[in-house]
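Q: If you scroll down you'll find the structure; I have some questions about it.
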Amino acid sequence: MAIVSSAAAGLRVASRATIIQLRAPALSTAALEKELNTLVASASVPIVVSSRCDVAIACDAAGVNLPESDISVAEARMLVGRRLIGRSVHSTAGAKAAEHDGADYLIFGPVWESASHPGIAPAGLAALAEVAGSVRIPVLAIGGLTVQREAEVLASGAAGYAAIRLFE
C-alpha cells in the first residue's frame with residue numbers, strides 16, 4: 001500500500017500508488033472541493049482527504065485521514081459512515097487507541113528526518129516495527145522515505161508507506 005500525500009503528484013503516480021491522500025491545508029474549502037472532485041473523477045485508486053470529513057462526503061471521496069490532533073476516529077465514523085478513516089500517529093499508544101476507535105489504517109512517523117516536518121525527531125525503524133506489531137490494521141510509514149528505504153519499511157512489518165517527495 002502506498003499513499004501519495006500530494007494532489008499535484010497524485011495523478012502522475014497513480015500507477016505506483018494504491019491510494020491517494022489530498023493534503024492541502026492552505027486551500028480554501030471551495031478550492032479543496034474543486035481539487036478533490038478532479039482527483040476523484042480521474043484517479044484509478046481511492047482518494048482520501050486530510051481532516052475534512054465534510055469535503056470527503058461532498059465529493060464522494062473514499063475517506064479521510066485524521067491527524068492525532070483532529071476529531072476522534074469515532075466522531076469521524078459517525079460523519080463518514082463506511083468510508084475509510086486513517087489516523088496519523090506518533091506512538092504505539094496512539095496506534096492502539098486509533099485501532100480501538102475504529103481506524104481502518106494508520107500512518108506512522110516521521111520514520112526518518114523529513115523536510116515536510118522540520119524539527120520533529122525521527123522515530124526510526126524500531127519504533128515503526130513496534131507500532132506495526134502492536135495493531136492488526138495496516139500501518140504505513142511516512143517521513144524521509146526513499147526508494148532505497150522501501151525494503152526496510154516492509155521488513156519492519158509495515159504494510160507500506162506514505163510519501164510526498166518520493167513521488168514528485
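Q: Counting Lys and Arg as +1 and Asp and Glu as -1, what is the net charge of the other residues whose Cβ lies under 13 Å from the Cβ of LEU27?
A: +1
Q: Sticking with this one: Bin all alpha-carbon pair distances of the range 113-168 at 10 Å intervals from 0 and give each bin's fraction as a whole percent.
A: Answer for the range 113-168: a P(r) of 24, 55, 20, 0 percent.
Q: Over the range 54-121, what relative contact order in percent results from Cα pairs under 8 Å that are six or more residues apart?
A: 26 percent
Q: Which of (1) 14.8, 41; (2) 17.2, 57; (3) 15.3, 45 is the computed Rg and Dmax of the Cα atoms in Å for the structure on display?
A: (1)
Q: Between helix 92-101 and the chain, what is the angle of the helix's C-alpha long axis to the longest principal axis, kept within 0 to 90° and rounded to the nearest 10?
A: 40 degrees
Q: Once both axes come from the Cα atoms, what is the angle between helix 125-134 and the longest principal axis of the chain, in degrees from 0 to 90, rounded to 10?
A: Here the helix axis deviates by roughly 70 degrees.
Q: How much net charge surrounds SER91 when only other residues with a Cβ under 13 Å from its Cβ are counted (Lys, Arg +1; Asp, Glu -1)?
A: That sum, taken over residues with Cβ under 13 Å, equals -1.
Q: Moving on. Please give the peptides 35-42, 156-163 ranked by average Cβ packing (other Cβ atoms within 10 Å per residue), highest first, as a rough proxy for protection.
A: So the order, starting with the most tightly packed, is 156-163, 35-42.
Q: Let me check against my output: what whole-number percent is the relative contact order of the chain, with C-alpha pairs under 8 Å and at least 6 apart?
A: 18 percent
Q: Another question about this same structure. Could you give the angle, 0 to 90 degrees to the nearest 10, between helix 29-42's Cα long axis and the longest principal axis of the Cα atoms of the chain?
A: Between the helix axis and the principal axis of the chain, the angle is about 80 degrees.
Read-outs throughout are calculated quantities, based only on the coordinates presented, and are distinct from any laboratory measurement. Note that the coordinates shown come from a computational prediction; the quantities given were computed from them, not determined experimentally. FYI the Cβ positions are ideal-geometry reconstructions off the backbone, even for glycines, and counts take in every protein chain you see.
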